[in-house]
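The values are calculated or read from the model by the stated rules, or taken from the named source; none is laboratory data. Everything quoted here is computed from the prediction, not taken from an experiment. All Cβ positions, glycine included, derive from the backbone under ideal geometry; neighbour counts span all protein chains shown. These area figures cover heavy atoms from the full protein model, side chains too; ligands, DNA and RNA do not enter into them. Shrake-Rupley method; radii C 1.70, N 1.55, O 1.52, S 1.80 Å.
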Amino acid sequence: MDSNPTERGAKPRTNRNNQQRGNNQSHRVVRKVPPRAASDRQNIYITSKTDFKAQHKRCEDLLNSGAKEIYLHCMGYSITRGLNLALRLIQNSDGALSYAINTSTIQLVDELHPLCDEDDITFRQRNNSALHIKIFNSSLFDIVVPKLPAQPVLPAPDYKLVRWLGLTEFEILVNLCGLLVFTITLAFKISGTFNNVFPEMMSDWFSIFSPLFFIDICNAYFCVIVGIRMYLDSDNKRKALHRFMWSTYFLVLIAIFKYLLCLKLSGKTGLEYSEVFSPIFVLLQLVAVRACQLPNSI
């Protein structure tokens, strides 16, 4: 019996090095040059055969000659040499240099030349770890801030209704909310649901139109505040006054129309409906003139 039996569930041990040695005995390994970047002075490739002092002097000469950054490339057993070289450069710079490290895996190709003439040349691929060290000048006076490309200016949305009426989106929203409440109260008055509960309010048309008068007051307050701020902050005083006057015309005509309509429905005036709607006709003419004066209105 064997003194050391194989453990249950474990793989049988194989000597990979012995197999490689057996292959190397029948072939001669010729290692190809690993892929390199473009040949320039800033890329320095470190191997285990190069002189450490010579490479250190070369890096110092490059940095002293005005180069803002250099790159040290090393792989395999030369990684330790590359780290030592980078640390030596940084220690001797008194804080003027900094570094950044990046790792990668490089695919190498070896040629296997047979020792006898009967076999052909074969190729073997293998992977090797590589280290790339960037050494750059960390001085604040040498930092070049890149200019960002100009962002494309998106055109502002063209709301023709807003331009024609001269109202902002907030004013239109307030008008719609008031119109919704007015519609509900008008439906209750016509159906007679709350005539017994609120007889005085349901019989008075001014109470029914109260939501519309309330939004007129809110819009008037909003227009006054916006007009003052535009007049004080804007360089174009004429434009601010023009907007304030237009908002005033709009609100006054709408308020007069609502007041005359309440009087007509309550039977307190003998005006015809054409006379009651005259403020609306005037407002439509002003809107038409404003639409024609605005650029690109059609």
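Here are some notes:
- The distance between label points at SER266 and ILE106 comes to 9.5 nm (points 7 Å beyond Cα on the Cα→Cβ vector).
- Orientation-averaged projected area, Cα convex hull of the stretch 26-98 (nm²): 5.9 nm²
- Placing pseudo-labels 7 Å out from each Cα toward the beta carbon at ASN92 and ILE217 gives an inter-label distance of 8.5 nm.
- A 1.4 Å probe over all protein chains sorts LYS32, LYS268, LYS49 by accessible area into LYS49, LYS268, LYS32, starting with the largest.
- Computed over protein heavy atoms with a 1.4 Å probe, the carbon and sulfur contribution to the accessible area of the stretch 170-231 reaches 77%.
- Per residue Cα convex hull volume in Å³ - calculated over the stretch 63-104: 74 Å³
- Given a 1.4 Å probe and the protein chains as shown, TRP246 ends up with an accessible area of around 20 Å².
- In a fully extended conformation the segment linking ALA291 and THR248 would gain 13.7 nm over its present Cα-Cα distance, using 0.36 nm per residue.
- Heavy-atom accessible area with a 1.4 Å probe sorts GLU69, GLU111, GLU272, GLU171, largest first, into GLU272, GLU69, GLU111, GLU171.
- For ASN43, residues with placed amide H under 5 Å, excluding near neighbours: TYR71
- The alpha-carbon atoms of the stretch 209-257 define a convex hull whose volume equals 44 cubic angstrom per residue.
- Estimated vicinal HN-Hα couplings, Hz - the stretch 178-185 in sequence order (Karplus 6.51, -1.76, 1.60; Gly, Pro = x): x, 5, 5, 5, 4, 4, 5, 5
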